[in-house]
Amino acid sequence: MPEKKKSFIKTALRNYRLSVVDKQNLTEVFSMQVSEMKFWGYNTLIFVLGVIVTVLLIFYTPVKYNVPGYPSGNLSKMMVYHSIMIDSLSSEIEKRDTYLENIRQVITGGVVVDTIYNSEDTHTQNANLQPVRDDSIFNALIGPDKYKFSYMNSNETSTSIGGLNFFTPVEGVVINRFNAGPGHYGTDIVAKENSQIYAVLDGTVIFAEWLVTTGYVVQIQHSNNIISIYKHNSEITVKPGERVKAGDVIAIIGDEGMYSTGPHLHIELWQNGMPLDPEAYINF
């Protein structure tokens, strides 16, 4: 048995001469000495390298789309697109549910659900933001009667909307007026970059969130069942449940949302579920 093993090793290590000869004149063009072990070693190395290169080509180049059973490029893009859309729809549904819950809590005088209302990535270094007087829902809850959330407060005196003094939300130029016919329920005002947006009346913030269609949006509940809405902002400085006064900074003008056509403020006024023309009450 040991003799056979020695014979195998000796044969594997035996050198052979590999020559390439020109067939016409029998001249040796190339020659090399190689053992049987080296020959199989080289072949194994070439095979392994070939497998590695093939795997890399399949994973990192469009060649993978030609592999049977692998989804095509268009199908992969559609899968990614639908995945993003599902995530966006889930987020929008959650925001809608939060918005409706906030309105219900405001009407009943309950505790408003807080939401993420801002981020550290906003680009408003040049803005001169004034701090909001009340920093938390807790302070609003334990404050005096004027800080109660419910606009159904029995101590509140009813006033005609015509007798209210509306604060101008931003100084600018009106570019698109109220027209309920085609569904434009507000007024669009163009103003300087990083202009501050002010609350038009005293009230309670019932919604402050980012939406895909209209960017950062603030909605404030006022007395006499009036709601003011501020859309397309680049940043918001208030959160649901906060009590604000007329003239308090609530947002920064922007160009956010799918429906925006440039930096501007879209403001809406609603009373008892009916849209009002902001220019009839606010001097822009």
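The values are calculated or read from the model by the stated rules, or taken from the named source; none is laboratory data. Note that the coordinates shown come from a computational prediction; the quantities given were computed from them, not determined experimentally. Positions of Cβ are backbone-derived with ideal geometry, glycine not excepted, and every protein chain shown enters the neighbour counts.
Below is a table of values for the structure above.
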{"read-out": "Pairs with Cβ under 9 Å, 6+ apart, first in region 175-191 and among the acidic types (Asp, Glu), second in a strand (DSSP E or B)", "value": "Asp188/Val174; Asp188/Ile175; Asp188/Asn176; Asp188/His232; Asp188/His264; Asp188/Leu265; Asp188/His266; Asp188/Ile267"}
{"read-out": "Residue in region 229-252 that is surrounded by fewer than 21 Cβ atoms within 10 Å (Cβ to Cβ), out of contact with any helix residue (DSSP H, G or I) (no Cβ under 8 Å at 6 or more places or on another chain), closer than 19 Å to Ala180 by Cβ and modelled with pLDDT of 95 or more present", "value": "yes"}
{"read-out": "Residues of region 204-226 that turn out to be at positive phi and under 19 Å from the mean Cα position of the chain (by Cα), as a count", "value": "1"}
{"read-out": "Any hit, region 253-276, residues being surrounded by 24 or more Cβ atoms within 10 Å (Cβ to Cβ), over 20 Å from Phe178 (Cα atoms) and of a type in the set (Val, Ile, Thr)", "value": "no"}
{"read-out": "Among residues of region 227-275, those that are over 20 Å from the mean Cα position of the chain (by Cα), among the hydrophobic types (A, V, I, L, M, F, W, C) and assigned to a loop (DSSP other than H, G, I, E, B), counted", "value": "1"}
{"read-out": "Tally, over region 198-215, of residues that are more than 24 Å from Gly273 (Cβ to Cβ) and modelled with pLDDT of 95 or more", "value": "1"}
{"read-out": "Filter result (assigned to a strand (DSSP E or B), more than 17 Å from Asn283 (Cβ to Cβ) and over 26 Å from the mean Cα position of the chain (by Cα)) within region 164-203", "value": "Asn176, Asn179, Gly203"}
